[in-house]
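The values are calculated or read from the model by the stated rules, or taken from the named source; none is laboratory data. From a predicted model like this one, the values you see are computed outputs, not experimental measurements. A quick note on method: Cβ atoms are made from the backbone with ideal geometry, for glycine too, and the neighbour counts reach across all protein chains shown.
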Amino acid sequence: MPISTNGTIITRVAGALYGEYLSNASYNELALVSTIAPATVAANFITSDFMGRTDAQLATTVLTNLGLNSIAGLNNWLAAQMTAAGSTAAAKGAKLVDLLNSFSAMTTDATYGSFATTFNNNVNAALTYSQTAGAAGGNFTTAGAAAAAAAKAAADAAAATAKAAADKVIADAAAAKVISDKAAADKVIADAAAAKVIADKAAADAIAPQKFSLTTGVDSGAEFTGRDGADSYAALFTTAGGMTFQSTDSLDGGKGADLINIQVGATGVHGAASMKGIETVSVNFSAAGTLSLLNSTDVTTLESSASTAAAAFSNIP
């Protein structure tokens, strides 16, 4: 969880109200003016852009931007909190700051933990972008995924650079071997071997098995794309949150022999928008639902595991 500095809190508020993060110029204008409290900034936002909206409409905006609008009854609860806070923008701004700070600490909560983790990841990434000189504003809800994709690209580039350097050292060593100074040639070979160990480790790190936990939100993109190892996906069912294997999910296991464990705890037909590169699908049925493999490819093994309800599959590729 990011430390609740003025900049962090303002980033949370901007993401919740607008679904965006601040440009560097706007961030500097707000966060670096230490005499302005974050609650006052929130109040100013509400006064400027949301004063004509009801508490229910404001609650809908916040929950949509945080990906929480699928949780039954939460909109009414949040609207009631804003109403109870008072009729002034100052009171509502202070309540919004308090609720967002509390939400950021709920990463271990059974219902809201995955949402809070995604929120904190987005805040971290958005704050970094806003603090970068000359940076423009952007989409708050994809900030974390964009940062993860950038980190993956950087790691892949570093591994490729290390391997190219090792290959060059080995080539140079082979050439040096023919010279009369055997001692010098042997040292080059030893250095090449050491460099190759480093390169091999970097390559191994790049294909290490990944573990993914699906949420009740939209699971797609770089955060749910595997690499070359034996990756695993967990699509658990909870009474409070419901199914996490949903029609909005797009999963890509990449290379390797990958596995997804799905818990079907509700009736009806459950399937993903797309699923590829995942070879083994293991399903635990605790309710009389049906698992659909429509839009799924690359499945070689389909099994029911420790089910307490009848197993039902459809659209098996």
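The listed residues are T141, T117, and the only one of them that is β-branched (V, I, T) and at pLDDT below 85 turns out to be T141.
Take the conditions (1) part of a loop (DSSP other than H, G, I, E, B); (2) in contact with a Phe, Trp or Tyr (Cβ under 8 Å, 6 or more places away or on another chain); T290 misses just one of them, which is (1). In the range 186-193, the count of residues that are part of a loop (DSSP other than H, G, I, E, B), surrounded by fewer than 19 Cβ atoms within 10 Å (Cβ to Cβ) and of a type outside the set (A, V, I, L, M) is zero.
With the checklist (1) outside any loop (DSSP other than H, G, I, E, B); (2) within 28 Å of L63 (Cβ to Cβ); (3) not aromatic (F, W, Y) in hand, flag the one item V218 doesn't pass. (1) is the only condition that V218 fails. Among the candidates T239, T248, the residue that is farther than 30 Å from D167 by Cα, more than 19 Å from the chain's Cα centre (by Cα) and surrounded by fewer than 16 Cβ atoms within 10 Å (Cβ to Cβ) is uniquely T239. In this structure, D258 does satisfy being buried (at least 20 other Cβ atoms within 10 Å of the Cβ) and charged (D, E, K, R). All conditions but one from (1) in contact (Cβ under 8 Å) with a residue 40 or more places away in the chain; (2) outside any loop (DSSP other than H, G, I, E, B) apply to I10; the one that does not is (1).
Any idea which of (1) assigned to a helix (DSSP H, G or I); (2) of a type in the set (G, A, S); (3) under 21 Å from A14 (Cβ atoms); (4) in contact (Cβ under 8 Å) with a residue 40 or more places away in the chain is the one S114 doesn't satisfy? S114 satisfies every listed condition except (3). Residues of the range 297-316 being among the hydroxyl-bearing types (S, T, Y), loosely packed, with under 14 Cβ neighbours inside 10 Å and either assigned to a loop (DSSP other than H, G, I, E, B) or under 23 Å from the mean Cα position of the chain (by Cα) (or both), which ones? Of everything in the range 297-316, those that are among the hydroxyl-bearing types (S, T, Y), loosely packed, with under 14 Cβ neighbours inside 10 Å and either assigned to a loop (DSSP other than H, G, I, E, B) or under 23 Å from the mean Cα position of the chain (by Cα) (or both) turn out to be T297, T300, S305, T308. Exactly one residue out of D228, D205, D200 is under 21 Å from A146 (Cα atoms), modelled with pLDDT under 95 and not in a loop (DSSP other than H, G, I, E, B), and it is D205. The single residue among L68, L96 that is buried (at least 16 other Cβ atoms within 10 Å of the Cβ), outside any helix (DSSP H, G or I), in contact (Cβ under 8 Å) with a residue 24 or more places away in the chain and not acidic (D, E) turns out to be L68. Inside the range 266-296, residues that are touching a Gly at 6+ places or on another chain (Cβ under 8 Å) and either surrounded by fewer than 19 Cβ atoms within 10 Å (Cβ to Cβ) or at pLDDT below 95 (or both) make up a count of 14. The single condition among (1) surrounded by fewer than 16 Cβ atoms within 10 Å (Cβ to Cβ); (2) in a helix (DSSP H, G or I) that A125 does not satisfy is (1).
Scan the range 214-251 residue by residue and report those that are of a type in the set (A, V, I, L, M) and free of Cβ contacts under 8 Å to residues at least 40 places away in the same chain. Within the range 214-251, L214, A230, A234, A235, L236, M243, L251 qualify.
The C-beta contact set for the range 188-213 (first residue more than 13 Å from D228 (Cα to Cα), second residue of a type in the set (V, I, T), distance under 6 angstrom, 6+ apart or interchain) comprises A192/V169; A192/I170; A195/V169. Only a single criterion out of (1) within 13 Å of Y18 (Cβ to Cβ); (2) surrounded by 14 or more Cβ atoms within 10 Å (Cβ to Cβ) is not satisfied by D49, namely (2).
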